[in-house]
Amino acid sequence: MWGSLHTNEALANFQQYLSSANFSHKLRGSIKYIRAKYKAIWEMRGKGKSITEWLAPIKKGSKKLRNLMSGRGSRQYRNFTFERIKPIHSLWEKMGIVPSEGILACSMLVWNIKEADTDFRQFAFRWYQGMIHGNTVISHFGDVDRKCTFCKIKKIEELVISLGRDPDHDERALAFLTIPDENRPHIFWECPTVMVTVTFVLDKLWGIQVPEKKTFLMGKVGQNMELSSIFQLVNLFIRYKIWNYKLAGILPKPGMIVHETERFISEIFKKPDLRGQQPLLRQLALGPV
Ligand SMILES: [Zn+2]
């Protein structure tokens, strides 16, 4: 196990802060704010209707959908684009991905999907609000090291092999100097451990050997919005699983993530109106970017 007791304590405090009443209150506040801000989109979901029911009669690229997404007819939403929302803009800017309005529109449906458990839904919400941050940002809250959790574990493993014993404090500190910061581009894509995990999982799930950055992190638009949002949800689920290993301070177990993701996908496609559509998800995953 890496890190001092002090570091873990600070991290625990931060996590406690995240789950504290004050934070929940703030989160509820943000949800309220966003609901109000995106009223047109929330209304689109209809009163008491599921996303599936709502989208069933709407075809991608149809005038009806364009009107709904643009909020046409309402002056307030005439100039609305997701890309202009600052935390969303900044998330993708940091990731080095040029946002596509169509893909971002589908991600609005991801938030409220009923198949996901509360913890994952909260992660999804925070992800799309640009609120998920690696240790580089968390380090501002307390004595948390800003360097990548996974890369440090790997480095210690290497040191143990080369030294034939556990490294001491100074040896660790010296070796950690070259470890990259745990910022979002690193912890969700560039980190060698993450890259190996994502590649393994996508290969086992779809047979994709070379994951595409924008497709994995942002998504792509398929036959309909619902399928596109499910595709985003599945990729987000993989990121969520990797993230939980990071929080636990252990290396991801790719085989386990494959198993959990497969189970998650089969749960989604158990819905009566989605039955038989799982091959479409596969097509979308394998189709052109
Ligand atoms: Zn790393």
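Rule-based calculations on the coordinates, nothing more; no lab input. Because the structure is predicted, anything quoted here is derived from the model rather than measured. All Cβ positions, even for glycine, are placed from backbone atoms using ideal geometry, and neighbour counts span all protein chains on display.
Points to keep in mind about this one:
- Subset of Lys147/Lys214; Lys94/Lys155; Lys147/Lys246 violating a 18 Å alpha-carbon distance limit: Lys147/Lys214; Lys94/Lys155
- The order of Glu262, Glu212, going from fewest to most other C-beta atoms within 10 Å of their C-beta, is Glu212, Glu262.
- Backbone phi angles across the stretch 223-240, fed through the Karplus curve with coefficients 6.51, -1.76 and 1.60 (θ = phi - 60°), yield HN-Hα couplings of 4, 8, 5, 5, 4, 4, 6, 5, 4, 4, 4, 5, 5, 5, 4, 4, 4, 4 Hz in residue order; Gly and Pro are listed as x.
- The gain in end-to-end length when the Gln209 to Asp166 segment is fully stretched comes to 11.9 nm, 0.36 nm per residue minus the alpha carbon separation.
- Counted by neighbouring Cβ atoms within 10 Å, the residues Met131, Met195, Met225, Met108 run from fewest to most as Met195, Met131, Met108, Met225.
- Bridging of Lys213 to aspartates and glutamates at a Cα separation below 14 Å is possible for Glu93, Glu190, once same-chain residues fewer than 8 apart are set aside.
- Long-range amide H partners of Lys147 with built H, under 5 Å: Glu182
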